[in-house]
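The block underneath contains the structure these notes are about, expressed in structure tokens.
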Amino acid sequence: MVFDVPSSDDFFQMGNSLIHSAWDSLVQLQKEYEEHLEFSSDSEFELKYLEHSKPVLMSAFTLVQQAVEFFLKGRIADVSPYILIANDGRSWPKKADKTDISFMDFRTIDAQDLIKIHNTFREERLDDGFTTWFNQMRNIRNKIIHSVNAKNSIQPPELANAILTAHEYFFGCQGWIDSRFEYHSKLPSNDLQLLDKEELEGYRYFEVHEELSLVINALPPSHVKRFFGFNPKSKSFECNYCEAKFNQIYFYEAERWKRHNIDTLIKSSDNNFTYNCFVCGHSLEILNASCVDCREIKINKENGKCIWCDA
């Protein structure tokens with residue numbers, strides 16, 4: 001009998017852990033870069049910082065590739081985890097037929113065979129586009145791991161693209177933001193009971209806003225449109241709903257905290273009066289009327305208040 005047999009969920013949980021860890025590394029690098037850049041007068045600071053960050057970027061990229069392999073194994077295991085065992089009986093553990101043995105003692109199929117096995121046993125096959133992308137990732141990973149050539153390196157936008165593409169293939173289009181909210185809600189620090197639920201929620205909203213802003217600022221507009229569903233050149237404002245969440249943080253100070261944050265309430269492509277927040281999903285109807293206090297020309301239709309000064 002074989003014991004310790006993994007489930008599909010086991011593989012997906014590990015894959016999620018790896019891909020979110022890669023994102024955390026990316027966000028931390030982007031935040032440090034932005035903060036250091038404010039005080040640097042060195043024209044070559046960006047090149048120096050990227051060179052210094054190369055090991056972290058390489059490790060994070062490797063995590064993404066490993067996450068994809070776990071997601072593939074998870075889909076295969078959903079049919080049967082035993083398919084993952086290499087089918088050459090000569091490589092099985094000795095006395096496997098005479099005693100109980102752990103699944104982990106078996107040699108499993110090679111990463112290069114995962115797509116073929118997946119498409120053989122799963123009803124929904126991965127397309128040629130995925131196969132090309134997966135093989136490119138493996139090739140890039142091999143080059144950066146086994147080379148000291150400066151040209152074989154990963155840039156932050158490339159890492160972001162790898163993370164978001166991987167998530168899109170396995171969880172659908174534009175699902176990363178929801179995934180990040182879920183990830184933050186399950187952090188072990190939430191169980192320490194140092195903050196009440198409202199303040200924890202405020203931190204969660206702020207952290208997701210900040211990390212998305214840092215990464216989106218590094219992405220080309222076409223990638224922002226693909227992964228987050230909006231044109232970064234569109235007219236935008238800060239989201240009043242999200243700002244209310246930020247204010248649940250006891251020490252929150254907008255001017256000091258929001259240095260990296262972009263406006264997330266984006267003008268709708270359907271009309272000139274509707275704005276949608278791509279983070280929280282909140283919609284706002286706006287009237288083109290002048291505020292009597294600040295003279296700005298945007299009034300919240302719902303409550304009649306100015307969206308700039310809240311008067």
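Within region 116-143, which residues are open to solvent by 40 Å² or more (accessible area, probe 1.4 Å), within 13 Å of Q65 (Cα to Cα) and in contact (Cβ under 8 Å) with a residue 40 or more places away in the chain?
R138, I140, R141
N87 is checked against (1) out of contact with any Lys or Arg (no Cβ under 8 Å at 6 or more places or on another chain); (2) modelled with pLDDT of 95 or more; (3) not aliphatic (A, V, I, L, M) and fails just one. What number does that condition carry?
So N87 meets the others, but not (2).
Taking into account only those residues within region 180-223 that are among the polar types (S, T, N, Q) and surrounded by fewer than 15 Cβ atoms within 10 Å (Cβ to Cβ), which is nearest to A244 (Cα to Cα)?
Restricting to residues being among the polar types (S, T, N, Q) and surrounded by fewer than 15 Cβ atoms within 10 Å (Cβ to Cβ), the top hit is S185.
Checking the condition assigned to a helix (DSSP H, G or I), open to solvent by 20 Å² or more (accessible area, probe 1.4 Å) and in contact with a Ser or Thr (Cβ under 9 Å, 6 or more places away or on another chain), which residue from D113, D78 passes? It would help to see each step written out before you state the result.
Values: D113 fails: in contact with a Ser or Thr (Cβ under 9 Å, 6 or more places away or on another chain).
After applying the criteria, what remains is D78.
Restricting the search to region 51-75, which residues are open to solvent by 40 Å² or more (accessible area, probe 1.4 Å) and β-branched (V, I, T)?
Answer for region 51-75, where residues must be open to solvent by 40 Å² or more (accessible area, probe 1.4 Å) and β-branched (V, I, T): just V56.
The values are calculated or read from the model by the stated rules, or taken from the named source; none is laboratory data. In this text the structure is predicted, and so the values were computed from the model without any measurement. Virtual Cβ from ideal backbone geometry, glycine too; neighbours counted across all protein chains shown. To get the accessible areas, we keep the full protein, side chains included, count just its heavy atoms, and leave off ligands, DNA and RNA. Shrake-Rupley method; radii C 1.70, N 1.55, O 1.52, S 1.80 Å.
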